[in-house]
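Engineer: Sharing a structure with you now.
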Amino acid sequence: MPVAPPPPKSLPLNALRAFEAAARLGGFAAAAQELGVTPGAVSAQIKGLEAALGAPLFERTAREVRLTALGARVAPDLVAAFDALGQAARTLRREAAPQVVQIASLPALAQLWLSPRLPALRRAAPDVVVSITAMEVPPNLKRAAVDLCLFAGEGDGPALGENRLFPVCAPDLAAGLRGPGDLRAVPCLSDAVWSGDWARWLAVAAPGQGIVPRGPVFSLYALAVEEAVNGAGVLMGHEALVARHLAEGLLVAPFGTVSVPGPALRLWAAGPLRPGSAAARVMAHLRSG
């Protein structure tokens, strides 16, 4: 009987993924963050891959890791392969559950802009299920299991209207404020991500007055908004995110209409959308409202 040669032993997929991420992102720590594991786990996976190959893929120093010549040659092929795998996986999910729409969003936008619009979306498209994943930066669209992205600032999608910046606070606190100079005597709430908001507004509203806002800093803008509603201080409001609070009288603008442009809210698709698909309908609804 014919004798077939044994098939070559496959390289471990998790180790290849760890190497690809480290090569693409420039280090083990960044790869670990993307993959949701520890840097030590990434290092162990790559060491195991190097042992299986019998050749190093990274040069390691006390401060950094650098690709070897071999690692640099194979990295682009692995990046393309995992990109293709990610796109295929997204197509599988979309075809298996065509009425489920996955949205990746900045946490503040998910809580303050998207959430209030979900009831109307459910009424307009009762057959569609919307799932939301909050994250600080847009995902890698070639890998992420998402259909739509909602973020602020620069992006691939058109702006969802204008977003102006101006101070807001609870009505009781506003009663004691006459001008920007009064900010020296009250807490000024800040967002850690949008840390430059106060400086941008003061440069227009109070140039040369030397006002230095002082107060609590929040990593979640929605929490800062709630604290402003509770009377904890004055917050630099993003009009697109505090419009509902202003309309309901929970917050007011103590210094009138002096404002500066803020980061635009943008909504875009992770890939081509079929006309009439659930994701296309959700995008059209959100852009219209």
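Engineer: Need at least 2 residues that are over 17 Å from V225 (Cβ atoms) per element, so show me which helices (runs of 4 or more DSSP H) inside segment 104-211 make the cut, counting only ones lying wholly within it.
Structural biologist: Passing ranges, in order: 118-124, 197-205.
Condition check ((1) touching a residue at least 24 places away in the same chain (Cβ under 8 Å); (2) buried (at least 19 other Cβ atoms within 10 Å of the Cβ)) across all residues:
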{"position": "A159", "(1), (2)": "yes, no"}
{"position": "D172", "(1), (2)": "yes, no"}
{"position": "A185", "(1), (2)": "no, no"}
{"position": "W194", "(1), (2)": "yes, yes"}
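Engineer: Another question, then. Condition first: in contact with a strand residue (DSSP E or B) (Cβ under 7 Å, 6 or more places away or on another chain) and loosely packed, with under 14 Cβ neighbours inside 10 Å. Can you find one or more residues in segment 139-153 that meet it?
Structural biologist: No: zero hits.
Engineer: Go through G233, G208, G215 for me and flag whichever is farther than 25 Å from A264 by Cβ and loosely packed, with under 15 Cβ neighbours inside 10 Å.
Structural biologist: Unique residue meeting the criteria: G208.
Engineer: Now, a different point. Taking into account only those residues within segment 247-271 that are in a loop (DSSP other than H, G, I, E, B) and among the small types (G, A, S), which is surrounded by the most Cβ atoms within 10 Å (Cβ to Cβ)?
Structural biologist: That would be A270.
Engineer: To continue, here is another question. Which one of A31, A52 is more than 24 Å from the chain's Cα centre (by Cα), in a helix (DSSP H, G or I), at pLDDT below 95 and not assigned by TED's automatic domain parsing to the domain that holds L141?
Structural biologist: Matching residue, one of A31, A52: A52.
Engineer: While we're on this one: Looking only at segment 35-57, which residues are under 25 Å from K142 (Cα atoms) and either surrounded by 17 or more Cβ atoms within 10 Å (Cβ to Cβ) or of a type in the set (A, V, I, L, M, F, W, C) (or both)?
Structural biologist: L35, V37, A41, V42, S43, Q45, I46, L49, L57
Engineer: Answer yes or no as to whether A240 is farther than 27 Å from P158 by Cα and touching a strand residue (DSSP E or B) at 6+ places or on another chain (Cβ under 8 Å).
Structural biologist: No.
The values are calculated or read from the model by the stated rules, or taken from the named source; none is laboratory data. Note that this is a predicted model, so its numbers are computed, not measured. Methodologically, a virtual Cβ is constructed for each residue, glycine included, from the backbone with ideal geometry; neighbour enumeration extends over all protein chains shown.
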